[in-house]
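The values are calculated or read from the model by the stated rules, or taken from the named source; none is laboratory data. Owing to the predicted nature of the structure, the values given are computational and were not obtained by experimental measurement. Note that each Cβ is placed from the backbone with ideal geometry, even for glycine, and that neighbours are counted across all protein chains shown.
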Amino acid sequence: MNILKKAIAGGALAVVATAALAAGTASSASAGWSDCAGGDLCAYLSANGGGTPGRVADDNANLLQYNKFNNAVSLYNNGNSCNVRIYSGLNWSGSSFVLPRGYTAPDLSGTVYYKNVASNDWCV
């Protein structure tokens with residue numbers, strides 16, 4: 001299952017990232033990735049950045065209060081300078097993984113983060 005992919009400028013291509021959770025092949029990036037403003041962590045209700053993103057730019061102890069993160073199927077770290085750690089639990093608890101700056105998690109299904117991106121911490 002793909003977890004992390006590198007978003008390339010223009011959203012035309014994606015390259016598989018090597019990470020403990022990553023596996024699979026590269027695919028074309030969705031236009032939805034380009035809707036994520038610079039400096040934001042974006043959550044989408046569909047795989048591959050489909051739909052309009054929910055966006056946050058700071059550390060958050062409770063992302064579940066936001067519909068797009070509570071029901072996230074894919075993520076994009078369009079941060080300006082930092083990686084972001086994603087947690088399955090509130091208050092930076094539970095399982096976690098680092099989503100590097102410029103990378104996507106195109107399909108969270110089959111993971112503890114599927115419809116459950118509970119908190120985040122920048123610059124890890």
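Contact map, the stretch 83-112: residues that are free of Cβ contacts under 8 Å to residues at least 60 places away in the same chain and under 22 Å from Gly32 (Cβ atoms) paired with residues that are surrounded by fewer than 23 Cβ atoms within 10 Å (Cβ to Cβ) and acidic (Asp, Glu), Cβ distance under 8 Å, separation 6+ or inter-chain. Pairs shown: Val84/Asp121.
Residues in the stretch 108-124 that are in a strand (DSSP E or B) and of a type outside the set (D, E, K, R) were compared, and the one that is surrounded by the most Cβ atoms within 10 Å (Cβ to Cβ) is Asn120. Of the strands (runs of 3 or more DSSP E) entirely within the stretch 1-107, those holding at least 3 residues that are farther than 22 Å from Asp121 by Cβ and either at pLDDT below 95 or under 14 Å from the mean Cα position of the chain (by Cα) (or both) occupy 14-16.
For the stretch 87-97, a residue qualifies if it is crowded, with 17+ Cβ neighbours inside 10 Å and in contact with a Leu (Cβ under 9 Å, 6 or more places away or on another chain), and the qualifying residues are Tyr87, Phe97. Within the stretch 52-86, the set of residues being surrounded by 17 or more Cβ atoms within 10 Å (Cβ to Cβ), among the small types (Gly, Ala, Ser) and in contact with a Leu (Cβ under 8 Å, 6 or more places away or on another chain) comprises Ala72, Ser74, Gly79.
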